[in-house]
Every structure is written in structure tokens, then in C-alpha cells.
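See below for the structure under consideration.
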Amino acid sequence: MSFFITLICLAVIAKSEFSLFSSMFWFKLGTNGMIYYFISDYKHKEFYYFQNLGVSRTLLWTSTAVIDAMFFLGSCLLIYLYR
Amino acid sequence: MIHTLEADGIDLSFSGRKILSDIYIKCETGKITGLLGRNGQGKSCLMQVIYGSLSVKSKSVRVDGSYIPDAYKRSDLLVYMPQFNFVPGALKLERIFRDLEVEFSAFTRQFPIYNQFFQSSISSLSGGQRRLVELYLIVMTKSHFAMLDEPFSHLSPIQIDQMKELIIDEKRNKGFLVTDHMYRHITEISDNIYVLVNGKVHLTSSLEDIENLGYAYLSK
């Protein structure tokens, strides 16, 4: 879901030639917050699986957020350089 | 070497109602510790507090005397099977057994029917089959202690007997804290039994103690 939203944001950013970057950035941040909320609620039982592997919720969320942010910002940078 | 898991100083309230207040519980490797209590007495909460997944005002959880605030970060010390399905449904059995470093061939020697499910996702199994896999994994995972919350729910009588034998066999390697409303299974396999009543745990020494604490009429 997050990947799909990132692709939409990147398409809008590329199409608008960065004039909508700020809006897409906040849109992406907002949807990430919603995804965090819904997964924490609907998938909370499954966190026990990862905890039994020694992976805490914090580590899961942090690593996911960092990878997602790197992909989003990295793609933005590439679009900016090759526009 | 015998390892000990101790929990005390736990204070848990919900909306002003005290759930846990006077707790001392001790598990040892090589032993099965049973935890009994009526619905709503806080058995699952106690396990979650020990595991660290439920925050409380105060608690002291120790393994071999060392304070462990978040036991869930130490799967080498403690693993936990909650009373609901916890393995993500999309994962295949192959992946799950590999993640938890449990031998699938040993599992199928005991439960041959699962041979055909090696490449299947766990969500494709029936409720009982899925529960058995989860229970087997937690029992067999390399850890000093395992907490089992209602391990026998959804299992057939034959499967319950097989799992009881497995737990008894595996206690050579770890300590178990087990709770289930199928209390006769608990009394059968446990070396020690605690009964949780009104937020306090009572270590029992006989079946009469369990009766006197108002949990069950075992003589009937």
C-alpha cells in the first residue's frame, strides 16, 4: 500500500515538475500515519510472531519507515536530477 | 544448569479496577508451571506483563536474578504463545519453521499429515491445524522459557495428548508457564500450580488447595 502511494506521489511530483512536492510530501507523511494506525490496530496479533523472533515493534516500524523514506526521497532526487 | 524466571511487584489496573497487585511467580527450567484462574482474573495480562508487551506502572521480571524489562526483545530467554493465532497468515510453513529454527522433518515425523503443507501458507490450514503448528513452534523454539496461553484450545483430544507428551519431553530444555481452562490437563502435566484470585497468586500444594481457592471442583 505504501509503495503504491509512493508511486502515485512520484508520478504527481514528476508531472508537476516539483511544484507539488511539498503537498505530496505531506500527503505521503499523512498516509504513512494512517497506515501505521490501521496496521497497529488490525495486525496487532501478528507482532507476537516477530517478537518471538526477537524483533521488537519499534525495530520493525523504524526499519520500515527508514526504507520507505529512503525510497521516496531517493526517487524524488532521481526525478529532480533527470527531469 | 537450572535457569529461573521470576516476576513480582506487578501493579496493573484498568479504569480504576485492580487486576494484578500481589504477584510472585517463579518458573524453572525442567519444570512446568501451571497458572489457573477464572475468566477476567488477569492470567493473559500477567503473561503479557512478564513478556513486556503490556506496560504497567511497576514490575520486576528477572531471569537468573537479572532484571529483564522487555523480555520480548530476548527470544533466547522467553517466547510466548498468545491465546489467538499470531503467525501472519501469508507466511508459508517452510518460511515459518526456518525463521524460528525448528526442524520441519521432526514435526512431520510426529504429525505426518503436515507433509503436504510444507509449501502452503499457514492461513490455508484449518483452525486446529494452525493452532497445532503455532504451539509446536513455541514449544520447540530454542529459548530458556516458554509461556503458553490456552495451548489446548482448538486441538483434538489425540493432539492434546501428543502435545502434552511433547511439552513434558521438552521441559528437559526449558521451563514452561502454561494456562488453560482445560485445567485437568494443566494439573496433569504441571510440577507447580499457581491460582490467580482477585489479583493475587497463590501457590498450591494439592488439588484441595485449588478447590478451596474456588477455581474448580476437582473431586467431582
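The values are calculated or read from the model by the stated rules, or taken from the named source; none is laboratory data. Everything numeric here is computed off the predicted structure, so don't read it as measured data. Ideal geometry is used to build each Cβ from the backbone, glycine not excepted, and the neighbour counts take in all protein chains shown.
Here is how the numbers come out for the structure above:
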{"read-out": "Residue that is modelled with pLDDT of 95 or more and under 23 Å from A:H44 (Cβ atoms), where the choices are B:Y114, B:Y72, B:Y80", "value": "B:Y80"}
{"read-out": "Filter result for B:F104 (surrounded by fewer than 19 Cβ atoms within 10 Å (Cβ to Cβ), without any contact (Cβ under 8 Å) to a residue 40 or more places away in the chain, touching a helix residue (DSSP H, G or I) at 6+ places or on another chain (Cβ under 6 Å) and at the interface with chain A (Cβ under 9 Å from one of its Cβ atoms))", "value": "no"}
{"read-out": "Candidate set from the stretch B:53-83 (those that are aromatic (F, W, Y) and either surrounded by 15 or more Cβ atoms within 10 Å (Cβ to Cβ) or touching a Phe, Trp or Tyr at 6+ places or on another chain (Cβ under 6 Å) (or both)); member that is farthest from the other protein chains (Cβ to nearest Cβ)", "value": "B:Y80"}
{"read-out": "Of all residues in the stretch A:25-47 being buried (at least 16 other Cβ atoms within 10 Å of the Cβ) and of a type in the set (V, I, T), the one that is nearest to the other protein chains (Cβ to nearest Cβ)", "value": "A:I39"}
{"read-out": "Among the residues listed as B:R109, B:R131, B:R98, the single one being closer than 30 Å to B:H3 by Cβ, part of a helix (DSSP H, G or I) and within 17 Å of the chain's Cα centre (by Cα)", "value": "B:R131"}
{"read-out": "The stretch A:48-82, subset assigned to a loop (DSSP other than H, G, I, E, B), out of contact with any strand residue (DSSP E or B) (no Cβ under 8 Å at 6 or more places or on another chain) and not hydroxyl-bearing (S, T, Y), residue farthest from the other protein chains (Cβ to nearest Cβ)", "value": "A:V55"}
{"read-out": "Evaluation of B:I158 against (1) surrounded by fewer than 16 Cβ atoms within 10 Å (Cβ to Cβ); (2) of a type outside the set (S, T, Y); (3) in a helix (DSSP H, G or I); (4) touching a residue at least 40 places away in the same chain (Cβ under 8 Å) (one fails), failing number", "value": "(4)"}
{"read-out": "Selected residue (only one of B:L132, B:L91, B:L148 is farther than 17 Å from B:I186 by Cβ, buried (at least 19 other Cβ atoms within 10 Å of the Cβ) and in contact (Cβ under 8 Å) with a residue 24 or more places away in the chain)", "value": "B:L132"}
{"read-out": "Extreme residue, farthest from B:L78 (Cα to Cα), among residues of the stretch B:17-37 that are under 14 Å from the mean Cα position of the chain (by Cα) and outside any strand (DSSP E or B)", "value": "B:K31"}
{"read-out": "Subset of the stretch B:161-190 (residues that are assigned to a loop (DSSP other than H, G, I, E, B), surrounded by 15 or more Cβ atoms within 10 Å (Cβ to Cβ) and of a type outside the set (S, T, N, Q))", "value": "B:K171, B:K174, B:D180, B:H181"}
